[in-house]
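Okay, structure first, notes after.
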Amino acid sequence: MVAVFNKDVLSWYLITLKLKETVDANLKKSPSPSPHWQALPRSLLVANGRPGAAETLTRQDRDQQATVPAQSPAHSPKPQDPEWVVTIRGKLAQARAEEAACPWARLSVYRVPKSLREGDERAYMPQVVSIGPLHAGKRRLREMERHKWRALHHVLKRTGHDVTAYLDALRPMEERVRSCYDGRVAWMPANDFAQCLVLDGTFVLELFRGALDGAKGFVDDLGYSRHDPIFAMRGAMHAIRSDMILLENQIPLFVLDLLLGIQLGHPEQTGAVASLAVRFFDPLMPTDTPLHRKDRFKLESSVDADAAAAAAFDPLSNPMLHCLDVFRRSLLRAGMQPTPPPAARLWLKKWSGLRRVADKRRQQFVHCVSELREAGIRCRRRRNTDRFWDIRFEKGVLHIPRILIHDGTKALFLNLIAFEQCHMDIATPGGNNITSYAIFMDNLINSAEDVKYLHDRGIIEHWLGSDGEVAELFNRLCLEVVFDINDSYLSGLSDQVNRYYDHKWSTWVASLQHNYFTNPWAIVSVVAGVFLLLLTMMQTFYSAYSYYRPPA
């Protein structure tokens, strides 16, 4: 009896060992483990002295296999994508999310495209002060930071506010402000971003409010020292003003409106900053006699007898984006509607407007001054206007308003043109007026002789070294500009000039004047020649008459 018991124990021990080996082997072959009893061989079940167990297990296995469908190759799991395909799918998902979010809808502060800034990098970069996050923290601009903090100190001292009043007011609109900037500003933490807006915005508003009355406004109204290196309207103010007009150096106008409203106790007010900006940037106007708002209103009401018949528009009546947009619209304010082009050009615009390409043949308005003079077209200064872009053509004469060229004119026009190129949904009219004017003047000026002629006529006044520098300035303003003359306010005028230029009679008259009426002695010789020709004709006539009709 003891022997039998020991034999049964030995059998169960051997079965357990075999079971363990079988389970380990199956685990290595398949990730999904099966019950231990399914992996048990039939021979071990028989050896256990249970012959019916093998048959029972076999029937259960057959039933289970019948209920589970066989996997076809089509239903087999797909192999995992390679890592580079997974990367592509991730980028496509990111592109879909970005397209759905449409982040370009609220862009207003743009990075100048590389194609425009090549060769003129300095014209788009601030040299003294950074405004906004795009150039914040640059080493060469850190000297102005302490003056920004002084401005914020003066504001808090005057108003009795705590700085948290401004920070807390800007936090809810953080995402809206970030969406205005073209470029990665996500690197700036939320606290630093709010600090940048409050610090720079307060600095800008202090400059706007103090400049209303010159140095007196800073000293008497805002409480600055008359010896202040920045706020006493010293020489640094010109460089600061030039930096504040750059495209990449802007703060959205609704942020400035909010900060000014908190200072004045009316956070909901809007529009006041635009009026302050117009006055502050008035010295940058490309005219030799800058006019204030009151003077401009008087001038615009008295200029042009046909002004009442034309529909005028006021660009400052629409919502504005930032200081550069305000300045640009102040240049175009109360301007006349563009000259309507002929029907042929309107038909051409329907299909050419879709292909805005940088093609020099599409940018040719008119011929240069030298060629126009040969065709009898003269240039004359248009007086009693400060709208430098408002050009007229009447009876063979181009009436061009006076424009002042100085060392900051190039950067000013380059940033205005870059803004018009980037912000393509600018409401018409006036969508690309600055670009149109720059290209028109580029067509007129090909050499220093053309500049000299316009200077002698009082059209161009410049403070540069030579007439050749002025010619190079205009010739380089629109090198990589995307433009079509069919979309320009000068398209109708260019058609009038070109038709007059193609008229042969005007060319003959101009050639006669150029060759025979250039000086008094030439005029005398021409008159004497004509008189002798008439005498010769009379003598010939009387000689022939006396031959056929002799006297009685």
Fill in: Angstrom value of the Kirkwood radius, inverse mean 1/r, which spans all Cα pairs in region 356-508
15.9
Response to the item:
tail above 18 Å in the computed P(r) of region 127-189, as % of all Cα-Cα pairs, reads 53
Discussion item. Restricting to DSSP loop positions (anything but H, G, I, E, B) with no more than 12 other Cβ atoms inside 10 Å of their own Cβ, which chymotrypsin sites (Phe, Trp or Tyr not before Pro) remain in region 449-483?
Written reply: TRP463
Worksheet entry | Positive-end residue of GLY261, CYS180, ALA211, charge dipole of region 114-284 with Cβ unit charges | ALA211
Fill in: Amide H contacts of ILE405 (H built 1.01 Å from N, under 5 Å, at least 5 apart or other chain)
GLU461, HIS462, TRP463
Worksheet item: Which of the residue pairs LYS395/LYS452; LYS157/LYS216; LYS91/LYS138; LYS157/LYS410 have a Cα-Cα distance greater than 28 Å in the structure shown?
Response: LYS91/LYS138; LYS157/LYS410
Worksheet item: In terms of modelled amide H atoms, which long-range or inter-chain residues lie less than 5 Å from the amide H of ARG382?
Response: ILE400, ARG402
Worksheet item: For TRP389, TRP149, TRP84, what's the fewest-to-most ordering of other Cβ within 10 Å of each Cβ?
Response: TRP84, TRP149, TRP389
Fill in: Loop sites in region 362-411: trypsin sites (Lys or Arg not before Pro), DSSP, at most 10 other Cβ within 10 Å
ARG383, LYS395
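A short reminder: the numbers here are calculations on the coordinates, not readings from a lab. The model shown is predicted, which means the values in this text are computed figures rather than measured ones. Reconstructed Cβ throughout: ideal geometry from the backbone, glycine too, with neighbour counts over all protein chains shown.
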